[in-house]
Amino acid sequence: MEPVDTDVTGQADHDGETSSDTPAPTGSADNPTLAELLLAVEELWPESLAENWDEVGLVAGHPSASVSKVMFAVDPTLEVIDEAVEWGAELLITHHPLLLKGVTSVAATSAKGRAVHRLIESGTALLTVHTNGDSAVGGVSDVLADALGLQDVAPLTVAANGLPEEGIGRVGDLADAMNLGDFAARVFGILPSVAGGVRVSGDKDGLVRRIAVCGGAGDSLFNEVRASNADVYVTADLRHHPASEAREAALNGRPYLVDVSHFASEWLWLPAAAAALGNVLADQGHEVEIRVSTTNSDPWDFILTPG
């Protein structure tokens, strides 16, 4: 399953159109300002839900600028930024931050500096929705749980500043038990195609029903996964030592582990996020064209396997 070109437009009746040659400095009944769009984003993915180490929110852009096109992506790579600029997006919303760690220069001699220059020189704003997008209802792990058909879903860790149903990771139950091999195939089938595929630790014929998931890197949640009595844990970026230690600590071999691509696990959220933002903007009387990036920003190009 490749990432697909997903367009979601928030529609509202209008009598005229804004000139594409000279963007209006403020929003209209059709196109919101960036500041108005930020309020819609805050309604869906409040910054208060972000982890205390995280950096979310507006990275570049004028709050008074008019926004008619928004692109969602996982990573603010140069290729993704070029895609947004070439499409004419005034706002790029990415899951991962561009500037998570402090910098002392944004000179165009570095990749991050070139990204900042490309954004500013093209008039494209950049907004980060990271762990607040993980934690919120309808966030990354909720979408992953829904795609896997989980029921009675709850957070693995409840958000400190959110609702009981908000937090990092999710755990829930399949409607019917299935063997680990078939479940792993289900995971593989819902994700975008990437070089790394899906790695599995556990008895292929072992029955599983209670499933824990965490989009993105989730090896910090093993204690919560064990406490949830999950049969299997689906997450990304499982390193050798945490995975090995989890196997050693497993009770009757469980939880089994399903290791997926970080990019792929979070890409699933983008179409849902685009649709949610489009609905909020339409309810507010705004018309904005929203698209999901088609750039595969998974860092790996190919893999060699035995046989």
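The values are calculated or read from the model by the stated rules, or taken from the named source; none is laboratory data. Keep in mind that what you see is a predicted model, and the values were worked out from it rather than measured. When we count neighbours, we look across all protein chains shown, and the Cβ atoms used for this are built from the backbone with ideal geometry, even at glycine. Quick note on the areas: whole protein, heavy atoms, side chains included, nothing else; ligands and nucleic acids left out. Shrake-Rupley method; radii C 1.70, N 1.55, O 1.52, S 1.80 Å.
Restricting to segment 255-275, name every residue that is of a type outside the set (Ser, Thr, Tyr) and within 13 Å of the chain's Cα centre (by Cα).
Start the filter on segment 255-275 by keeping residues that are of a type outside the set (Ser, Thr, Tyr), which leaves 255, 257-260, 262-264, 266-275.
Within segment 255-275, His262, Phe263, Ala264, Glu266, Trp267, Leu268, Trp269, Leu270, Pro271, Ala272, Ala273, Ala274 meet the criteria.
Regarding Asp205, is this residue within 13 Å of Val258 (Cα to Cα) and either at pLDDT 95 or above or touching a Leu at 6+ places or on another chain (Cβ under 8 Å) (or both)? Spell out the reasoning first.
Details: within 13 Å of Val258 (Cα to Cα): no; either at pLDDT 95 or above or touching a Leu at 6+ places or on another chain (Cβ under 8 Å) (or both): yes.
Considered against the rule, which asks whether it is within 13 Å of Val258 (Cα to Cα) and either at pLDDT 95 or above or touching a Leu at 6+ places or on another chain (Cβ under 8 Å) (or both), Asp205 comes out as no.
Looking across segment 161-211 at every residue that is in contact with an Asp or Glu (Cβ under 9 Å, 6 or more places away or on another chain), among the aliphatic types (A, V, I, L, M) and in a loop (DSSP other than H, G, I, E, B), the one that is nearest to Asp142 (Cα to Cα) is identified as Val198.
Name the single residue that is least open to solvent (accessible area, probe 1.4 Å) among those in segment 149-160 being over 15 Å from Val225 (Cβ atoms) and out of contact with any helix residue (DSSP H, G or I) (no Cβ under 6 Å at 6 or more places or on another chain). Show your work before the answer.
Here is the first cut: in segment 149-160, the ones over 15 Å from Val225 (Cβ atoms) are 149, 151-152, 159-160.
Narrowing further to those that are out of contact with any helix residue (DSSP H, G or I) (no Cβ under 6 Å at 6 or more places or on another chain): 149, 151-152, 160.
Values: Gly149: 35, Gln151: 90, Asp152: 130, Ala160: 100 Å².
Restricting to residues being over 15 Å from Val225 (Cβ atoms) and out of contact with any helix residue (DSSP H, G or I) (no Cβ under 6 Å at 6 or more places or on another chain), the top hit is Gly149.
Just to be sure, is Asn161 over 21 Å from Thr94 (Cβ atoms), of a type outside the set (A, V, I, L, M) and modelled with pLDDT under 95?
Numbers: over 21 Å from Thr94 (Cβ atoms): yes; of a type outside the set (A, V, I, L, M): yes; modelled with pLDDT under 95: yes.
In short, yes.
For the condition free of Cβ contacts under 8 Å to residues at least 24 places away in the same chain and small (Gly, Ala, Ser), what is the one hit in Ala154, Ala115, Ala84? Only one candidate qualifies: Ala154.
Each residue in segment 85-117 was checked for being under 25 Å from Leu268 (Cβ atoms) and among the small types (Gly, Ala, Ser), and 2 pass.
Please indicate, with yes or no, whether at least one residue in segment 247-267 is part of a loop (DSSP other than H, G, I, E, B), out of contact with any Ser or Thr (no Cβ under 8 Å at 6 or more places or on another chain), within 24 Å of Asp75 (Cβ to Cβ) and open to solvent by 20 Å² or more (accessible area, probe 1.4 Å). Checking segment 247-267: not a single residue is part of a loop (DSSP other than H, G, I, E, B), out of contact with any Ser or Thr (no Cβ under 8 Å at 6 or more places or on another chain), within 24 Å of Asp75 (Cβ to Cβ) and open to solvent by 20 Å² or more (accessible area, probe 1.4 Å).
Scanning segment 170-197 for residues that are among the aliphatic types (A, V, I, L, M), touching a residue at least 24 places away in the same chain (Cβ under 8 Å) and open to solvent by 40 Å² or more (accessible area, probe 1.4 Å) turns up Ala175, Ala177.
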